[in-house]
Structure formats: C-alpha cells, structure tokens
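S.K.: The structure's right below; bear with me while I get my questions together.
What follows draws every value from the coordinates through simple rules; no lab data is involved. Just so it is clear, the structure is predicted and the values come from calculations on it, not from any experiment. Heads up, the Cβs are rebuilt from the backbone with ideal geometry, glycines too, and the neighbour counts pull from every protein chain shown.
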Amino acid sequence: MTRRVPRRRDGADRSLAATFRRNAAGFHQGAEAVLTRHPEGARYFLAIAIELALKAYLLDRGISDDWNRVYLRHDLVKALRYARRAGFTGAPAKLHELAVLLSPYYHVHAISEMSADVIASVCWTEACTTVRDLIGAVAEAARRRGSGGEDAA
C-alpha cells in the first residue's frame, strides 16, 4: 500500500529523500560485503548508492523524483553537477573521479564491460569509503535543513 504524504511548502519530499538515503546506505553495505567475492557486483552497488544519495539530496532540496528520473536518469556525473548547483558542498574529494569512471558504464547498464585497466585504476576499498562519506554528507545536509540550520530554506 502506498502512503501519500502531503508535500512541504518548499517542495521537498523529505520522506522519499530519507528512503533514498536508507537505500543508498543499504547498497553501500552490500558493496562492502561482496567486494572481495564479487567485485563486479560491488562496483554496480556503489554506482547505485551514488545515484540514490545524490538524488536524495536533490529531493530534499525540492527537486522532484519525476524530474530526476527524466533528466538525470543514471548519469552520475550529471547528478553530482546538479547536486552541487543545488548547494551540495559536502561531496568527498574523490567522488567526482569515481562518478566519471563509473557513469559511462552504469548509465547504459554495462558495469560488466569495464576494462581491466579501468578497474585496476581504482582502489575499490577507498571507493567504498568515498561512497560512505557521500552518504554521510547527504544525511548531514538533510539534518541541517530539517533543524533550521544554515541550509534551511
């Protein structure tokens, strides 16, 4: 059963944003759990976690899920760019590099087609840390907005 919640005046869908953050954390945990046994699956899970975390930030800022789905789709670089335009300043330093690496494959559902050279160019344990830091930064930004902090609209 779908629960309909009235939207806030600022247009933010905080309930859906929280769901996206939780799902991002779940995919991140999955990536860490399978990293050594199923590295391809871990890379895919990390890409999903990045997408969900960035879209959670945008949802919290009032950008609709429909807009995200139509205009961002699975483009991680574009999602990061729009999150920054919406005021996200907490992105980990290596996030852009990771998004640039994963996005061309993830965008077309082809993580399995990453070349060995591309795969070897990344420390995937550090990539997991980068994604964990992203999710934490998105959650912190939501807390600040929700508590009337500096990001409050």
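S.K.: Longest exposed-loop-site-free stretch of the chain, with trypsin sites (Lys or Arg not before Pro), DSSP loop and at most 16 other Cβ within 10 Å?
M.R.: On the way: sites that count: ARG3, ARG4, ARG7, ARG8, ARG9, ARG37, ARG73.
Result, exposed sites excluded: 74-153.
S.K.: Percent relative contact order of the chain, based on C-alpha pairs within less than 8 angstrom and at least six residues apart?
M.R.: Numbers: 178 pairs, mean separation 41.8, N = 153.
Answer for the chain is 27 percent.
S.K.: Could you run the Karplus curve 6.51 cos²θ - 1.76 cosθ + 1.60 with θ = phi - 60° over the range 120-125 and give me ³J(HN,Hα) per residue in whole Hz, x for Gly and Pro?
M.R.: 6, 6, 10, 8, 6, 5
S.K.: What is the spin-label model distance, in nm, from ALA116 to THR89 if the labels are put 7 Å beyond Cα along the C-beta direction?
M.R.: Between ALA116 and THR89, the simple spin-label model gives 4.5 nm.
S.K.: Oh, and also: Going by how many other Cβ atoms sit within 10 Å of their own, how do LEU102, LEU72, LEU35, LEU54 line up, fewest first? It would help to have the intermediate numbers written out before the result.
M.R.: Details: LEU102 25, LEU72 21, LEU35 18, LEU54 29.
Fewest-to-most Cβ neighbours within 10 Å comes out as LEU35, LEU72, LEU102, LEU54.
S.K.: Continuing with the same structure: P(r) tail for the chain, what percent of Cα pairs lie past 19 Å?
M.R.: So the portion of pairs separated by more than 19 Å is 50 percent.
S.K.: Right, next: Based on the alpha carbon coordinates of the range 78-132, what radius of gyration and maximum Cα-Cα distance (Dmax) apply, in Å?
M.R.: 12.1, 36
S.K.: Given an 8 Å cut-off on Cα distances and at least 6 residues of separation, report the relative contact order of the range 30-118 as a percent. All intermediate terms of the calculation are to be shown ahead of the outcome.
M.R.: Numbers: 71 pairs, mean separation 26.4, N = 89.
Relative contact order for the range 30-118 comes out at 30 percent.
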